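Have a look at the structure below before the remarks.
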Amino acid sequence: MNILHCITSLNIGGAETTLFKLIKSDYKNNHFIISLKKNGFYTKKLNKLSHVRILEIEIKNPILLIYNIYKTISTIRNFKPDVIQSWLYHADFYIGIIGRLLGYKNIYWNIRNADLKNDYQSFSLKILIKLNALLSFVIPKKIFINSQSGYNFHKSIKYNYKIFTIIYNGYDFKSLKENFLLRKEFRENEFIADDEFVIGMVSRWHPQKDFLTLFKALELFKRKKTKWKLILIGENISNKNKLLIKQLKENNIIENTKLLETTENMSIIYNGMDVHISTSFGEGFPNVVLEALATKIISISTNTGDSSNILNDDFLLFEKEDYKAIYKKLLFLYEKNNYNYVKNKIVSQSIKRIKNDFSLENMCQKYNFHWKVN
């Protein structure tokens, strides 16, 4: 089969990573990706695969809009897809309309969000989501959603829930596992002592991710404990980010913080941590929460999206913006006996469950099953 994908970009992100893993594992089909942004992180990696072709355009450039639409139409006509599969709201809207106007019926949308915080949505995104809700009754044959919370949220905002299908994210647990050699390598490379308490957050810089709550918690934590480091890694996490540097300085934690570039081998990053924290206001299925957990790192998160389904323990959850709860959990985990108990009891039990529920093989099989049922 020929599968045409459309996604907002090929940079590192939840949807982009899932698409990369899906295509990399699926040699049964030919894949063509239209990315609405150029120079993505995964572009070179995907171009190395024999069953994949890519077209990158800059859809935000109004001068090139007509030309980019023409290129998209030409690509579809030349590739002759059996299925059009879009990822994220902008791609759902863009390729959905073009595909329908060209007469395609096997159009599948993919929604990755849930419980979006209204304050951090742009006006244009709010309008787009409402438009997509209306179009969901006339364009897609099915809408794939990666979380139960995403299902519930989009049903509540009047999407056509009768065509919803939940497909959870899939993970390669062979690469996501505890590795003491990687832990040692990471800490040696970053000049971090083995007995230093390392707190990590893997996330792109965006208001929805609520970094400030983490920083407030660590400002309190620093008053009590000194032998610790904060590792931040993600898109726009760098010294060039003036607002990030300002917030780190204002909360007096900049000297404890290391800003790292994104890397393909995230296992080394997770293994270097003691605790991973996600403070996001709203997620569908938070990849980083599960990836950290799979690496047998204590993963704590806001009680949003499907985090509770992944972590399955109240201690590992906190409510949005509750920096004092994070502070108290970190104080508790800083004590070695407490840390070992949580890691060897709570985390170990959760790992067994997620390996059964969220395998990469299961995810690929489900996509292929629904693509073939035309």
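The values are calculated or read from the model by the stated rules, or taken from the named source; none is laboratory data. Just so it is clear, the model here is predicted, and its values are computed rather than measured. With ideal geometry, Cβ positions are generated from the backbone for all residues, glycine too; neighbour counts draw on all protein chains shown.
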Restricting the range 26-71 to residues that are surrounded by 14 or more Cβ atoms within 10 Å (Cβ to Cβ) and of a type in the set (Gly, Ala, Ser), the residue that is modelled with the lowest pLDDT: 40
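Evaluate the following for residue 240: is it surrounded by fewer than 16 Cβ atoms within 10 Å (Cβ to Cβ) and closer than 23 Å to residue 316 by Cβ?
Working: surrounded by fewer than 16 Cβ atoms within 10 Å (Cβ to Cβ): yes; closer than 23 Å to residue 316 by Cβ: no.
No; evaluated as a whole, the condition is false for this residue.
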Subset tally (residues that are more than 20 Å from residue 344 (Cβ to Cβ) and surrounded by fewer than 23 Cβ atoms within 10 Å (Cβ to Cβ)) for the range 270-281: 1
Scan of the range 89-125 for residues that are at pLDDT 95 or above and at positive phi, ordered by number: 103
Residue in the range 300-322 that is outside any helix (DSSP H, G or I) and touching a His at 6+ places or on another chain (Cβ under 8 Å) present: yes
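Quick one: which strands (runs of 3 or more DSSP E) lie wholly within the range 1-96 and hold at least 1 residues that are under 20 Å from residue 361 (Cβ atoms), touching a residue at least 60 places away in the same chain (Cβ under 8 Å) and not charged (D, E, K, R)? Show your work before the answer.
Numbers: elements: 2-7, 30-35, 52-56, 83-87.
The strands (runs of 3 or more DSSP E) meeting that bar are 2-7, 83-87.
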Whichever residue in the range 270-297 is among the aliphatic types (A, V, I, L, M) and at pLDDT below 95 and, among such residues, is nearest to the chain's Cα centre (by Cα): 288
Whichever residue in the range 143-176 is among the hydroxyl-bearing types (Ser, Thr, Tyr) and assigned to a loop (DSSP other than H, G, I, E, B) and, among such residues, is modelled with the highest pLDDT: 159
Test for residue 295: is it over 21 Å from residue 21 (Cα atoms) and among the hydroxyl-bearing types (Ser, Thr, Tyr): no
Residues that are crowded, with 16+ Cβ neighbours inside 10 Å and closer than 22 Å to residue 222 by Cβ, drawn from the range 312-321: 318
Subset of the range 322-342 [surrounded by fewer than 16 Cβ atoms within 10 Å (Cβ to Cβ) and among the hydrophobic types (A, V, I, L, M, F, W, C)]: 331, 332
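Among the residues of the range 162-185, which ones are among the β-branched types (Val, Ile, Thr) and over 16 Å from residue 21 (Cβ atoms)? Step through it out loud before you land on a result.
Step one: of the range 162-185, the residues among the β-branched types (Val, Ile, Thr) are 163, 165-167.
Scanning the range 162-185 gives 163, 165, 166.
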Qualifying residue in the range 124-146 (condition: surrounded by fewer than 22 Cβ atoms within 10 Å (Cβ to Cβ) and in contact with an Asp or Glu (Cβ under 7 Å, 6 or more places away or on another chain)): no
Any hit, the range 297-308, residues being out of contact with any helix residue (DSSP H, G or I) (no Cβ under 8 Å at 6 or more places or on another chain), surrounded by fewer than 17 Cβ atoms within 10 Å (Cβ to Cβ) and touching a residue at least 60 places away in the same chain (Cβ under 8 Å): no
Pair list, Cβ under 6 Å, 6 or more apart: the range 189-207 residue assigned by TED's automatic domain parsing to the domain that holds residue 275, other residue in a loop (DSSP other than H, G, I, E, B) and charged (D, E, K, R): 196/227; 197/274; 198/274; 204/235
